[in-house]
Every structure is written in C-alpha cells, then in structure tokens.
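Asker: Okay, here's the structure, questions in a sec.
The values are calculated or read from the model by the stated rules, or taken from the named source; none is laboratory data. A quick note: this is a predicted structure, and the numbers were derived from the prediction, not measured. A quick note on method: Cβ atoms are made from the backbone with ideal geometry, for glycine too, and the neighbour counts reach across all protein chains shown. Surface areas here come from the heavy atoms of the whole protein model, side chains and all, with no ligands, DNA or RNA. Shrake-Rupley method; radii C 1.70, N 1.55, O 1.52, S 1.80 Å.
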Amino acid sequence: MTPNRMSQLSVLPFTAILIIFTGLPLLMVVLLSFWTFDGLEYRPDFTLANFAAVFAAPVTWKIFANTLRYAAITWAITLVVGFTVSFYLVFHVRNLKLQIGLFLLCTIPFWTSTVIRMISWIPFLGREGLFNTGLMQLGLIQQPLEFLLFSDFAVIITYVNLFTLFMIVPIFNAMAKIDRNVIEAALDAGATGFQILRTIIIPLSRTGIALGTIFVLTLVMGDFFVVRVMSGGQSSTVVSAMKNNIDQMYYPQAAAMAVLLIAVVLGMVATILRVVDVRAELAK
C-alpha cells in the first residue's frame, strides 16, 4: 500500500464523522427549506415560496443589514485589539515564560461559562450599575447613561469580550513564526518602524488575520442569545428571526433563512480566502 493511499485511508473516519454530523443535518435544512406548511401539516413539496416570502419581507433586509453591522463593528474592534496584543507579546516581551504567562492571562475569561461572562456585564452597565455609579460619584455625570445597557453598545461590547481571543490566537501564532532576521535586515537597511509594520509584519501575519476574521464573523453571525439578552429584545439578527420562526413552528421559512445565511457566510469566507491568496501571489 502506497503512502498516498495510507494517507487517504487515514482521513476516512474523520470524513465519515463530518458527513454524518455536519453534512446530513445541513442537507436536511436545505431540503426542509423547499417544503410547504399550511399551519397544520408539513408537505415535502418542492417550492420556492419560502425563499420568496423571505426576500419579499422588508424586515429580512433590515435584520441581514443589522447582522452584518454587528459583525463588521465587532470584527474591526477585535482586529485592532487582537493585533495590538499579539504584536506586544511577540515583539516586546522577550522572556518566553512571561510571554506564555501573559498569553494565558488573555484566556482567563474563558475559564468561566460564556453565559456568565455575558450576564456579568448587566450589573456593570446597568442604570444603577458600577460604571454609572462610579461616574456619578466622581461628578462626571449628573444622570445615569441610558445607552450602556439593553442597546447596540451592550451587544457590541459583549461580542468583543467573548470573541477577541479568537482573533488573538491565530494572529499571535502567525506573528510568532516571523523570522527576526528579516526585521533586523530591514532595520539595517534604514527602514522605519512603520515601514516594517506595513511591509513585513502585516503581510506575514495575513494568514492569522484571515483565520481570526473568519472565526469572529462566523461566531457573530451565528449568534442570537447575546443579541436577545443584551439588547433587551430591542434588536434582532437573522438567527434570532429564525428562532422566532421556529418557536411559531414555521420550520420551512426558518430553514430558508438558514440557507441564505449559510450562503452569505460561505461567500464571506471565500472572499477572505481569495484575498489572502491574491496577496500571497503578489508577495511572490
């Protein structure tokens, strides 16, 4: 048996698991999106009525735009924070033990439940929470800030808290692989710090940035619990709209929205990977 055949056989169990637990459920969602529901009975008909109803509803475009807005803002903030933290750990912390210790410090929030980390923002951002109380005691404000909790601000800050580590890890791994001799050569050639950052560090970190971007965008676009709790029910995303349809037993319409969301996410992932490949070709 050739080594190539051995490698092919070794991935068969993982391929089978992926097909059974991921492929088949997705296939069922796609099939269900073409079924009909008259309020009493589901019929396995092939119809585009569910997709037509989704596209025809103005609220669909609004919640898709809202979902993309949350994803874009969260991505931008986590990218800045993740890149800055990774840059500091890799290029400014020389002691390996200290570097590992600081990196583990970033993981401390993940030692607790995601729900607990989300709920903990409520007593901090509330009208009579710690933040408002502190500002009032310092005399900086006369009345509590209303926008802090049950708003888009609360949703974004919770997303950033929950998902920043997913941006830090891949960028940190990419930066750690950068050859220091390349940076030393650039310094000897008279390059400034900004030039090194723009022409060496950022291009060589593009793989980590792309992976972190994929993680953050998919996590935000697939969430509904944070939006429901932290917005106080005042905002909605695609997944929360799907949840409402499921609660009302409109499974085919919910499946149609799921198919559209998957298509959007896959399109975003393909675009990110394409951009990374193009930049890699230009770098060559």
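Asker: Please sort by residue number the trypsin sites (Lys or Arg not before Pro) in the range 1-85 whose DSSP state is loop and whose Cβ has at most 14 other Cβ atoms within 10 Å.
Answerer: Filter output for the range 1-85: empty list.
Asker: How much mean residue ellipticity at 222 nm does the chain get from its helices, if each DSSP H run of length 4 or more adds -39500 (n - 2.57) and you divide by all residues, to the nearest 500 deg cm²/dmol? List each step's numbers first, then the result.
Answerer: On the way: 16 runs with 199 residues, N = 284.
Using -39500 (n - 2.57) per qualifying helix, the result is -22000 deg cm²/dmol.
Asker: Of the heavy-atom accessible surface of the chain (probe 1.4 angstrom), what whole percent is carbon and sulfur?
Answerer: Carbon and sulfur: 71 percent of the exposed surface of the chain.
Asker: Okay, next question. Heavy atoms only, probe 1.4 angstrom, no DNA, RNA or ligands counted: give me LYS243, LYS97 ranked by accessible area, highest first.
Answerer: Values: LYS243 60, LYS97 175 Å².
Descending order: LYS97, LYS243.
Asker: Longest exposed-loop-site-free stretch of the chain, with GluC sites (Glu not before Pro), DSSP loop and at most 15 other Cβ within 10 Å?
Answerer: 129-284
Asker: With θ set to phi - 60° and the Karplus curve 6.51 cos²θ - 1.76 cosθ + 1.60, what are the ³J(HN,Hα) couplings of the range 170-180 in order, to the nearest whole Hz, using x for Gly and Pro?
Answerer: Those phi angles translate into x, 5, 4, 4, 5, 5, 5, 8, 6, 5, 5 Hz.
Asker: With every protein chain in place, what's the accessible area of TYR251 (1.4 Å probe, Å², nearest 10)?
Answerer: For TYR251, solvent-accessible area is about 80 Å².
Asker: Here is a follow-up. Quote the FRET efficiency, to the nearest 0.05, computed for ILE108 versus ILE262 with a Förster distance R0 of 30 Å and r equal to the Cβ-Cβ distance.
Answerer: It comes to 0.35.
Asker: Something else: Compute the distance in nm between two label points, each set 7 Å from the Cα along the Cα-to-Cβ direction, one at LEU197 and one at VAL29.
Answerer: In this crude label model, LEU197 to VAL29 measures out at 3.9 nm.
Asker: Taking a probe of 1.4 angstrom, what is the accessible area of ASP45 in Å², to the nearest 10?
Answerer: Its accessible surface works out to 70 Å², give or take rounding.
Asker: Students sometimes get this wrong: rank ILE209, ILE201, ILE262 by accessible area, probe 1.4 Å, all chains present, largest first.
Answerer: ILE262, ILE209, ILE201
Asker: Can you give me the distance in nm between label points at VAL81 and THR47, each placed 7 Å from the Cα along the Cα-to-Cβ direction?
Answerer: 4.6
Asker: Counting only the heavy atoms of the protein chains, how much of ILE183 is accessible to a 1.4 Å probe, in Å² to the nearest 10?
Answerer: Result for ILE183: roughly 20 Å² accessible.
Asker: Give me the one-decimal Kirkwood hydrodynamic radius in Å for the chain, with the sum taken over alpha-carbon pairs.
Answerer: Details: mean 1/r = 0.0446 Å⁻¹.
About 22.4 Å for the chain.
Asker: Let me ask another. Just want the answer: with Cβ charges of +1 for Lys and Arg and -1 for Asp and Glu, which residue in SER240, PHE215, VAL226 is farthest toward the dipole's positive end in the range 179-284?
Answerer: SER240
Asker: Search the structure for amide H atoms under 5 Å from the amide H of THR36, placed 1.01 Å from N in the peptide plane, and list their residues when 5 or more places away or on another chain.
Answerer: Close amide H contacts, sequence-distant or interchain: ARG43, ASP45.
Asker: On a full-extension model of 0.36 nm per residue, what is the gain between ILE116 and SER10, subtracting their alpha-carbon distance, rounded to one decimal in nm?
Answerer: Fully extending the segment from ILE116 to SER10 adds 34.2 nm.
Asker: Continuing with the same structure: Any idea of the accessible area per residue across the chain, 1.4 Å probe, to the nearest Å²?
Answerer: In whole numbers, the chain has 60 Å² accessible per residue.
Asker: Hey, another quick one. Could you order LEU219, LEU135, LEU24 so the one with the most accessible surface comes first? Probe is 1.4 Å.
Answerer: Result of the area sort, largest leading: LEU24, LEU219, LEU135.
Asker: In terms of the ratio Rg/(2.2 N^0.38 Å) built on C-alpha atoms, what value belongs to the range 1-67?
Answerer: Compactness ratio reported: 1.81.
Asker: On to the next question. Could you work out the relative contact order of the chain, using alpha carbon pairs under 8 angstrom and six or more residues apart, expressed as a whole percent?
Answerer: 26
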